[in-house]
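Enquirer: For reference, the structure I am asking about is given below.
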Amino acid sequence: MEPFPNLGSLSDADLKQLIDDLTKEELEVSYRRRILHGRIDLLRAELQARLQKTGGKSMLDDPAGGATSGALLHLVGRLGLGHVAAPRAFRSPPGP
């Protein structure tokens, strides 16, 4: 992280640019944080399933892919991981 600038020495345009730059950086950090929290939630759900429901077996070990796979997909949907929007900085520009 860069040292905080002397605000009195910045022009209005420089201040606006600094605000834009820091806002973009915050969006990127926030996006990464949401992804990490989703992964943590999935790992906790897996651990909970191993300890409580399957006697220590992975939810993904069900060869039939039955209810456990459905439960994991439900969890992903409930957490909104399939719909996490990337910050504008990472999105493709709209088409013509």
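The values are calculated or read from the model by the stated rules, or taken from the named source; none is laboratory data. What you are looking at is a predicted structure, and each value in this text was computed from that prediction instead of being measured. In this analysis, Cβ positions are derived from the backbone assuming ideal geometry, glycine residues included, and neighbour counts consider all displayed protein chains.
Enquirer: Checking the conditions here, which among Val84, Val76 is in contact with a Gly (Cβ under 8 Å, 6 or more places away or on another chain) and at pLDDT below 55? Can you show your working first?
Expert: Values: Val76 fails: at pLDDT below 55.
Criteria check complete, one pass: Val84.
Enquirer: Scan the stretch 1-17 for residues that are modelled with pLDDT of 90 or more and of a type in the set (D, E, K, R) and jot them down.
Expert: Asp12, Asp14, Lys16
Enquirer: Since Asp20 meets every condition but one in (1) at pLDDT below 95; (2) surrounded by fewer than 11 Cβ atoms within 10 Å (Cβ to Cβ), which condition does it not meet?
Expert: Here Asp20 clears every test but (1).
Enquirer: Something else about it: Counting only residues that are of a type outside the set (A, V, I, L, M, F, W, C) and closer than 17 Å to Phe4 by Cα, which one in the stretch 16-37 is nearest to the chain's Cα centre (by Cα)?
Expert: Glu26
Enquirer: Can Ala49 be described as within 26 Å of the chain's Cα centre (by Cα) and either assigned to a helix (DSSP H, G or I) or surrounded by fewer than 12 Cβ atoms within 10 Å (Cβ to Cβ) (or both)? Walk me through how you get there before you give the answer.
Expert: Numbers: within 26 Å of the chain's Cα centre (by Cα): yes; either assigned to a helix (DSSP H, G or I) or surrounded by fewer than 12 Cβ atoms within 10 Å (Cβ to Cβ) (or both): yes.
Spelling it out, Ala49 is indeed within 26 Å of the chain's Cα centre (by Cα) and either assigned to a helix (DSSP H, G or I) or surrounded by fewer than 12 Cβ atoms within 10 Å (Cβ to Cβ) (or both).
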